[in-house]
Each structure stands twice: as structure tokens, then as C-alpha cells.
1. Specify which of the listed residues (Tyr138, Tyr184) is more than 18 Å from Lys62 (Cβ to Cβ) and crowded, with 20+ Cβ neighbours inside 10 Å.
2. Would you be able to say whether some residue in the stretch 164-187 is within 19 Å of Trp64 (Cβ to Cβ) and assigned to a helix (DSSP H, G or I)?
3. Take the stretch 178-221 and flag every residue that is modelled with pLDDT of 95 or more, of a type in the set (Gly, Ala, Ser) and more than 22 Å from Val134 (Cα to Cα).
4. Going through Arg45, Arg30, Arg61 one at a time, which residue ends up being surrounded by fewer than 16 Cβ atoms within 10 Å (Cβ to Cβ) and in contact (Cβ under 8 Å) with a residue 40 or more places away in the chain?
5. What is the number of the single condition among (1) within 16 Å of the chain's Cα centre (by Cα); (2) small (Gly, Ala, Ser); (3) under 30 Å from Glu87 (Cβ atoms); (4) part of a helix (DSSP H, G or I) that Ala194 does not meet?
6. Among the residues of the stretch 167-206, what is the count of those that are over 30 Å from Thr22 (Cα atoms), in contact (Cβ under 8 Å) with a residue 24 or more places away in the chain and not hydroxyl-bearing (Ser, Thr, Tyr)?
Amino acid sequence: MFFDRQHKTRLIDAGEALPGRTQTMRLPERHLVLGTPIGPPFPERTEQVVFGMGCFWGAERKFWTLPGVYTTAAGYAGGYTPNPTYEEVCSARTGHTEAVLVVFDPAQVSYAELLRVFWESHDPTQGMRQGNDVGTQYRSAIYTTTRAQAAEAEASRQAYESELKAAGYDGITTEIAPAGPFYYAEDYHQQYLAANPGGYCGLGGTGVCLSNPLSEAAEAG
């Protein structure tokens, strides 16, 4: 058991990854809660960002409840294997983390608000785990689609790390990187907690709030 846990917490190299497949996952036509498409094309007014914060069931629900979010989807990001299955991602042999695609209208909800929800809804100091969920697929990550998003994500990380350390937590282990391919998860994962209200959700924050305004943090950075 110790060996298995150690294996699942080691991030693989590209040469070790499973080969995957060219076939994409079949997607539901509409978001179960929002009624919008979960696949592209998306409205021109929207932006996209991908968050990894543990089990994607609970993570997706955090964002679909926000006014101004156009759609959300559960999937896999940050790895190597094309179009992986859930079982492959859980094997720690694809390099992916469970992730949520968030498509939002910046005129209705700010990226800063999305970052606040991201930081406060999980523990970003745990490395390759989130609570009792252990493995590289549970690592914390922000995959950005613009330089402005990347800069603001880094500024917010610095601000929140100060808050966490003041509360006795270790440093943040969240990966911040430009977004690569986002592979949609199987259809039964999409909006899982809407279809299964009593389903498992291991998501839990630290209780530490991001009190520093992100605009000020960005200016200071």
C-alpha cells in the first residue's frame, strides 16, 4: 500500500505516459444546471480558465453557482495522454489532474472573483493530494489562457500564501501554467453533483479568506 501511494504521488515524465487515443469523449448537449453547451464554440464575450482543486465533482459545483459563469465542464488537464479515461487518470500514468473548465463573462463576474473561490474552496498547500484523496490527479492547478490571467493568478497566489502562512499553513503548491489541451471527462462526470445530490464531495477549504484585494496585489507585484 505504501508503494502504491508513493507511485500515485510521483508526477510522471512524458515518456512514461499512456498512449491514449484520438477519439474524444461523447458530451451531453447541454449543461444540466445552466442549460448552456459545455463544448465550444463559446460566445466571443467569454473567457476560459481551467482549475484543478481536487475531485472535480465538487469543484465544478463551486463555479456553476456563480452569476456570470456561462458554462462549466469536468475534465483532465496538465498531462500528456490524449483523451484519457477516468481510470487511466487515476492510475497516475497520464500526468493529468482532475480539472474544471470555467467559461465566464468578465462583464458579469471578474476573474478575481473566480480566483477567490478557487483559493478558498480547497487546501492549496497539500501537494499531490486533497484531504483523503491522494494522487497526482488531485493536485492544485490554475491553467491560464491569457498573460493577464497568469499575472493575476500569480499575484493572488502570493497574497493568499501570506494569509495562509499567517494562519500556520505551509506554502502553496499550486501549479500555475498556460493552459494546454483540456480533455472532457466521461459524460457521467459532468455536473455529477446536480444529477446525484447526495454524491461524494471531498472538497474543503482551509477557512482562511483571501482578504487582500487582488487588484492591489497585482499592482504591488
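The values are calculated or read from the model by the stated rules, or taken from the named source; none is laboratory data. All values derive from a computational prediction rather than experimental measurement. As a convention, Cβ positions derive from the backbone with ideal geometry for all residues, glycine included, and neighbour counts pool all protein chains shown.
1. Working: Tyr138 fails: more than 18 Å from Lys62 (Cβ to Cβ).
Testing whether each residue is more than 18 Å from Lys62 (Cβ to Cβ) and crowded, with 20+ Cβ neighbours inside 10 Å leaves just Tyr184.
2. yes
3. Listed by number, the residues that qualify are Ala179, Gly180, Ala194, Ala195.
4. Working: Arg30 fails: in contact (Cβ under 8 Å) with a residue 40 or more places away in the chain; Arg61 fails: surrounded by fewer than 16 Cβ atoms within 10 Å (Cβ to Cβ).
From the options Arg45, Arg30, Arg61, the qualifying one is Arg45.
5. Answer for Ala194: the failing condition is (1).
6. 10
The rows are residues; the columns are (1) among the hydrophobic types (A, V, I, L, M, F, W, C); (2) buried (at least 20 other Cβ atoms within 10 Å of the Cβ).
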site: Val102; (1), (2): yes, yes
site: Pro106; (1), (2): no, no
site: Asp123; (1), (2): no, yes
site: Glu152; (1), (2): no, yes
